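Presented below is the structure to which this report refers.
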Amino acid sequence: MALWNARLNQNLLHPATAPFAREAEARVVGWLAPWFGMDGGHMTPGSSVANLTALWAARDLRGVKRVVASSAAHLSVKKAARILGLDYVEVGVDERQRLDLATLPPDLSDACLVLTVGTTAVGAVDPLEACGLAAWTHIDAAWAGPLVLSDRHCSVLSGIGRADSVAVSAHKWLFQPKESALVFFADTGAANTALSFGGAYLAAPNIGVQGSHGAAGTVLLATLLAWGREGLAERIERCMDNAARLQTFIAAHPDLEGFADGGTGVIVFRPRSHPVDAFREGLPRGLASLAILDGEAWLRCVCANPNADMDKITQTLDALARRHGA
Ligand SMILES: Cc1ncc(COP(=O)(O)O)c(C=O)c1O
């Protein structure tokens with residue numbers, strides 16, 4: 001489908017130039033949105049733009065003046081606040097990097113509260129019971145949103161239906177090529193009104209941040225048709241099983257220390273008695289990235305590949321850890 005896209009090079013800005021591709025996008029949005037308790041939305045090239053779009057709707061529909069998010073929120077949330085001219089209030093996290101409710105300002109009536117499901121550094125899930133405390137609640141589920149499709153893991157997102165908007169990256173756990181993400185709204189009619197601009201040459205209003213954009217929805221539609229919910233859930237569950245195996249391996253290893261498992265397939269660890277940087281240099285490229293938590297260096301593995309060879313990964317880590325531990 002990506003090749004099909006490249007060959008036709010359709011532009012979804014105008015219905016006349018891409019009738020099927022627009023329909024394909026509408027179908028994937030229509031199928032996915034209800035899993036998050038939302039009634040629609042549109043595709044974006046990434047969750048940075050999805051977050052910006054949601055905060056734009058929050059500002060124009062509810063008049064929010066501030067964005068409140070934890071210190072573990074993705075940088076795109078702060079960036080969106082800056083672009084939109086909104087104040088940014090950073091609140092604290094607990095020892096597992098989840099937003100600490102006790103640090104929220106008492107009055108959120110002029111605020112958009114952003115809760116993250118799967119923080120970038122450790123995969124932590126903010127308390128979704130805070131949905132509805134602010135004038136607008138946005139859920140940044142860029143990474144862990146697709147867990148909603150798994151019967152085994154969907155409880156991670158329980159309560160998300162009380163939010164006003166949700167961002168999900170399809171180019172993460174829906175296995176899409178970049179650039180593919182979605183922004184969903186509880187009231188898409190109202191959001192679309194706030195986010196729409198007409199133009200003399202446009203037959204339909206232009207909704208959202210982008211003008212011209214490509215047919216990422218056709219690729220996602222093909223994936224949904226080929227694999228179905230079960231196929232996606234099975235792959236995501238394999239990733240989660242890989243993560244659980246890695247966490248167990250690290251916990252049992254005398255020379256490795258694990259960070260608390262955030263529950264969304266991001267495993268964070270470090271050597272007990274050796275500098276993280278030197279250890280990282282010994283790892284195969286692409287296996288782990290650096291994360292700084294409370295000023296300390298850790299390594300993080302994002303378990304996004306259902307076909308990862310966990311025997312090989314644990315053997316490699318074991319050999320390296322023993323070498324550094326010795
Ligand atoms: C929690 C979270 N939000 C937003 C983003 C930004 O998404 P994108 O890179 O698709 O713009 C990321 C990316 O890693 C993320 O982890």
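Every number here is computed from the coordinates shown, using simple stated rules; none is lab data. In this text the structure is predicted, and so the values were computed from the model without any measurement. Virtual Cβ from ideal backbone geometry, glycine too; neighbours counted across all protein chains shown.
What to note about this one:
- Build a GNM of the chain with springs between Cα atoms under 10 Å apart, and of His74, His274, His153 the one that fluctuates most is His274.
- Stokes-Einstein translational diffusion, the chain - Kirkwood Rh over all Cα pairs, 0.890 mPa s, 25 °C, in µm²/s: 119
- Cut-off 13 Å between beta-carbons: net charge of the residues surrounding Ala204, Lys and Arg +1, Asp and Glu -1: -1
- Rounded to the nearest 10 degrees, the angle from helix 216-252 to the longest Cα principal axis of the chain is 20 degrees.
- In order along the range 33-43, phi translates into HN-Hα couplings of 3, x, 4, 9, x, 9, 10, x, x, 7, 7 Hz, rounded to whole numbers, per the Karplus curve 6.51 cos²θ - 1.76 cosθ + 1.60 with θ = phi - 60° and x for Gly and Pro.
- On the principal axes of its alpha carbon atoms, the range 183-254 extends 67, 29, 22 Å, with the longest extent given first.
- Packing-based order for 129-136, 226-233, 168-175, using average beta carbon neighbours within 10 Å, highest first: 168-175, 129-136, 226-233
- Between Ala50, Ala291, Ala215, the GNM of the chain built on Cα springs shorter than 10 angstrom shows Ala291 fluctuating the most.
- Charged side chains reduced to their Cβ positions (Lys and Arg at +1, Asp and Glu at -1) give the chain a dipole of some 740 debye around its Cα centre.
- In sequence order, the range 272-288 has phi-based couplings of 5, 9, 8, x, 4, 4, 5, 4, 5, 4, x, 7, x, 4, x, 6, 9 Hz under the Karplus curve 6.51 cos²θ - 1.76 cosθ + 1.60, θ = phi - 60°, and Gly or Pro positions carry x.
- Expressed as a fraction of 2.2 N^0.38 Å, the C-alpha radius of gyration for the range 117-156 is 1.21.
- Remark on the range 227-279: Rg and Dmax equal 14.1, 46 Å (Cα only).
- In summary, the range 1-100 shows an alpha-carbon radius of gyration equal to 1.37 times the 2.2 N^0.38 Å reference for compact globular proteins.
- Measuring spread by the Cα atoms of the range 230-325 yields a radius of gyration and Dmax of 13.1, 43 Å.
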